[in-house]
Structures are given as structure tokens and as C-alpha cells.
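A.B. asks: So that we are looking at the same thing, I have put the structure below in C-alpha cells.
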Amino acid sequence: MRALAQAQPNIALVKYWGKRDLERNLPATGSLSMTLASLTTTMSVEFSDAFHEDSLSVNGADEPSLLPRVARCLDRIAGASRPRAAIVSESNFPLGAGLASSAAAFAALTVAASKAAGLSRDASALARLAGVSSGSAARSLFGGIVELHCGDDDISVGSIAAIDDWPLTVVIAINDDSAKPLSSGEAMIRSAATSPFYSCWIERQEADLEAARRAVARRDFAALAKVSEHNCLKMHSVMWTSRPPVVYWNKVTLACMEAVRRLQQSEHPVFFTIDAGPQVKAVCLPEAVAPVQQAFCGIAGVTRVMTSGLGAGARVLDGA
Ligand code: DP6
């Protein structure tokens, strides 16, 4: 059987950086994110006894090196004795460059594979499954603003604001499309083992989550800006103080952060966040979108500016 699903990346405002259980890929803390609308990954999964091996095509090219992680995800969803699968993935944004492509990919893969295997699972169960493949993928099962809670033994995920509740828009300045040298998963394991700031980062996550939750409930942009920028800079401080250091920024990253600071000084409602890559994401209220786009377009080294509102969670598409 074949099924088609679509998912979008999500951008964390209170970040996931650290694992409590490597085997089950359980995050060390909760996190809070925005699911995007206009960056999309569409995934087709077909199971057939006629296939002799799994195959994976990403944006038209065979990707055997990514297959082991994808096959493990399919085994978790459909059982290790499942038929072999043909997987075809298409995305409209750069992959592996700090734009949460693995979140969108594993969310879409989990939804498509469950459907293709004829299994009916709700979004919470799909989120838990997706999270084993990639922690941030669990959040892309839900739309709007999403919180992931981490219990002792499991995660639970849900929307805390719907798409229409708050007109937040993300303007992304892309300056380097190439895939990151070190995956987030490997880098966070290194941080936990070597950064002297790691335990302090983990201890303070609950306070940041509470501040972000309250800001979202009150639609308090200034409060969300404050906690999100602080949380982002703390995560990068943990990365920078890992041994060897994990530095995803470049000089264009810093120029984009400076541009956001200048716009804030002239009272534009905007703040930045940055993940495991050099791209800067500016979260804006509607009146700041055009000035931020203009500022990013004027920065030497910015190759592409993408804009997205809040989007829906991963879902099955008709037409498989
Ligand atoms: C910086 O979800 O990619 O984007 O669970 O190992 O696949 P794995 O990690 P991943 O890490 C995301 C890290 C981040 C922050 C975030 O999205 O919360």
C-alpha cells in the first residue's frame, strides 16, 4: 500500500538540546516551537512484497546513506518484518542546514508510513513515534504553537495556540545552503559530555518554558521575544563551550542578528532565533515583516529570504 503525507518544519523558541535516554531518543527537557506553513516536505511511502530492498529518493536523487535511519523509523512504525518500502521525499527548502528539515521529514515519514501500513494512530501516538527518530519531529505533528512535555519515561505533545490565534510570521535569512558538518544529535551528546554550562542549561529550561507559555497565553510579544532570544543564546553558549566547540554561526549570522537589534531599537516587533545552522530566523508581528525582509535582503551574503506564517501539523494527503 502507498500513502502520501506532508509536514512542515518547526522552529523552537525554547530549544531541545540534550537527551535523557539515547536508546529511546528522549529529550532531557521540554521544548516549545512554532510550526511553519510555507516550508514543506511531502513524503510518499509504498510498502510492497515485490520490493527486494528499501529505497529512498530525496528531491529526485537516490540517498542510500540516509536509508539506515529511515529504515529504523519504518521498523518502529510497521514492525521489523514489514515489507520493503519505496520512499520518495520532496522539500522546497534547504536540507540539513539548520532549518529543521529532519523534523519535517520524520513527521511526514511517520504519518505516511503509518497510513501505508494500514495503522490508525492519533497525533499524540504519531508524535511519540516520530520523536524516537528525531526529537524535534514530534512537534511537527501539531500546528500553531506547540509544547513538548517531557515526562520521566515518555513525551507528550500538543498545540498551545492555534494558527489563527496569533499572527506570528517567521522571516528566514538563508546564507549557506550546505549541510551542517555535525548533526544536532551528535552535537548535543558532545555538549552534555563536555560543556561546563550544560547542567545549568538543563536546570533553567523549566523556568524558560513557563515564561514562554505565559507569554503565548497572554499574546505578549515582548515577553516571548525576551525569553526566546535568551534561550537561543544560552543553547549556543552550551554549544560554543563544548569540546571541541560546536559553532554553527558565520559572519552573516552575526550581521543578521545585528539587523534585528537595529530594528528592535526602532520599536519593530521582531526577535531572532538560530538553530543548528547559520541561518537567522526572525519572528515578527505583521507590521515588522516588510522591514525585516528588506533589512535581510540588503545584507551581503544572504542568498535567499523565506517567509512563513504558522502552519498545520503533519497530515495524510489524498492522491497516493
Ligand atoms: C537546535 O531534533 O535534530 O533544532 O533528536 O538527534 O534528531 P535529534 O535532534 P534534532 O535537534 C533539534 C535541535 C534544535 C533545537 C530544537 O529544534 O528544539
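A.B. asks: Can you name the number of the only condition in (1) under 27 Å from T307 (Cβ atoms); (2) surrounded by 18 or more Cβ atoms within 10 Å (Cβ to Cβ); (3) more than 11 Å from the ligand (Cβ to nearest atom) that G60 fails?
C.D. replies: G60 satisfies all of (1) under 27 Å from T307 (Cβ atoms); (2) surrounded by 18 or more Cβ atoms within 10 Å (Cβ to Cβ); (3) more than 11 Å from the ligand (Cβ to nearest atom) except (2).
A.B. asks: Can you name the residue in the range 241-270 that is touching a Lys or Arg at 6+ places or on another chain (Cβ under 9 Å) and within 16 Å of the ligand (Cβ to nearest atom) and is also nearest to A215 (Cα to Cα) among such residues?
C.D. replies: In this case the residue turns out to be Y248.
A.B. asks: Another question, then. Examine the range 282-300 for a residue that is within 16 Å of the ligand (Cβ to nearest atom), of a type in the set (D, E, K, R) and more than 25 Å from A107 (Cβ to Cβ), and state whether such a residue exists.
C.D. replies: No, that holds for no residue.
A.B. asks: Please work out which one of (1) within 11 Å of the ligand (Cβ to nearest atom); (2) at pLDDT 95 or above is the condition L109 fails and give its number.
C.D. replies: (1)
A.B. asks: Suppose we filter V157, V171, V146 for residues that are more than 16 Å from the ligand (Cβ to nearest atom), under 16 Å from the mean Cα position of the chain (by Cα), in contact (Cβ under 8 Å) with a residue 12 or more places away in the chain and not in a loop (DSSP other than H, G, I, E, B); which single one remains?
C.D. replies: Answer to the selection: V171.
A.B. asks: Look at the range 159-204 and say how many of its residues are farther than 26 Å from N250 by Cα and of a type in the set (K, R).
C.D. replies: Summing the residues that are farther than 26 Å from N250 by Cα and of a type in the set (K, R) in the range 159-204 gives 1.
A.B. asks: Quick one: in the range 243-257, which of the residues that are assigned to a helix (DSSP H, G or I) and among the aliphatic types (A, V, I, L, M) is farthest from S191 (Cα to Cα)?
C.D. replies: Per the stated criteria, the residue is A255.
A.B. asks: Do we have any residue at all in the range 125-138 that's assigned to a strand (DSSP E or B) and surrounded by fewer than 19 Cβ atoms within 10 Å (Cβ to Cβ)?
C.D. replies: No, there is no match, as no residue in the range 125-138 is assigned to a strand (DSSP E or B) and surrounded by fewer than 19 Cβ atoms within 10 Å (Cβ to Cβ).
A.B. asks: Select from the range 174-204 the residues that are more than 16 Å from the ligand (Cβ to nearest atom) and in a helix (DSSP H, G or I) and list them in ascending order.
C.D. replies: T194, S199, C200, E203 - these are the residues of the range 174-204 that are more than 16 Å from the ligand (Cβ to nearest atom) and in a helix (DSSP H, G or I).
A.B. asks: Still on this structure: For residues that are within 25 Å of T169 (Cβ to Cβ), part of a strand (DSSP E or B) and more than 16 Å from the ligand (Cβ to nearest atom), tally how many sit in the range 6-52.
C.D. replies: Summing the residues that are within 25 Å of T169 (Cβ to Cβ), part of a strand (DSSP E or B) and more than 16 Å from the ligand (Cβ to nearest atom) in the range 6-52 gives 2.
The values are calculated or read from the model by the stated rules, or taken from the named source; none is laboratory data. From a predicted model like this one, the values you see are computed outputs, not experimental measurements. Using ideal geometry, Cβ is built from the backbone for each residue, glycine included, and neighbour counts are taken over all protein chains shown.
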